[in-house]
Amino acid sequence: MSIKQKNSDTAAPKGSAWKKNVIFALVVLALAAGVFLAVRAQHPAKGSGLQAVVDFGDGVTETLTLAQDHDYLYEVGDYIVHLQVKDGAIAFLDSQCPDHVCEQFGWLDKDGAWAACVPAGVYVVVEPTADAGSK
């Protein structure tokens with residue numbers, strides 16, 4: 001009776017299979033991260049490069065960045081106008097005008113979007129920042 005022994009030179013060393021799996025997983029994760037970053041670079045964050053120009057009439061304006069969340073309260077004549085910047089967009093909130101139509105414009109987050117509180121004489125227009133226009 002003869003006993004055959006396996007040739008240890010041709011067998012894979014113990015533990016090499018899991019090492020290959022770990023390396024494969026790391027390569028897949030690195031590729032996924034690369035794809036994510038490439039897509040993210042193609043589609044900048046909402047409100048990125050945009051600002052809101054608030055016109056109060058008589059040549060009085062204020063420029064608000066949409067990159068930082070903030071609440072703005074303006075006393076305009078007999079009205080208090082509440083504008084809110086949040087997540088790269090701006091909206092009229094809680095304006096004390098009689099019809100509240102300005103609140104129904106919703107969130108403005110695209111170039112050229114606008115809203116107005118006519119009784120208070122406040123107009124908001126979203127436009128690119130000076131930096132965004134030079135890109």
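The values are calculated or read from the model by the stated rules, or taken from the named source; none is laboratory data. Bear in mind the structure is a predicted one, so any value in this text is a computation, not a measurement. Heavy atoms of the whole protein, side chains included, go into the accessibility calculation; ligands, DNA and RNA do not. Shrake-Rupley method; radii C 1.70, N 1.55, O 1.52, S 1.80 Å.
Determine how large the accessible area of Glu75 is when every protein chain is in place; take a 1.4 Å probe and give Å² rounded to the nearest 10.
Spelled out: Glu75, probe radius 1.4 Å, area about 150 Å².
Using heavy-atom solvent-accessible surface (probe 1.4 Å) with all chains present, what is the largest-first order of Phe24, Phe105?
Result, largest first: Phe24, Phe105.
How big is the accessible area of Thr63 in square angstrom, nearest 10, if you roll a 1.4 angstrom probe over the protein chains?
80 Å²
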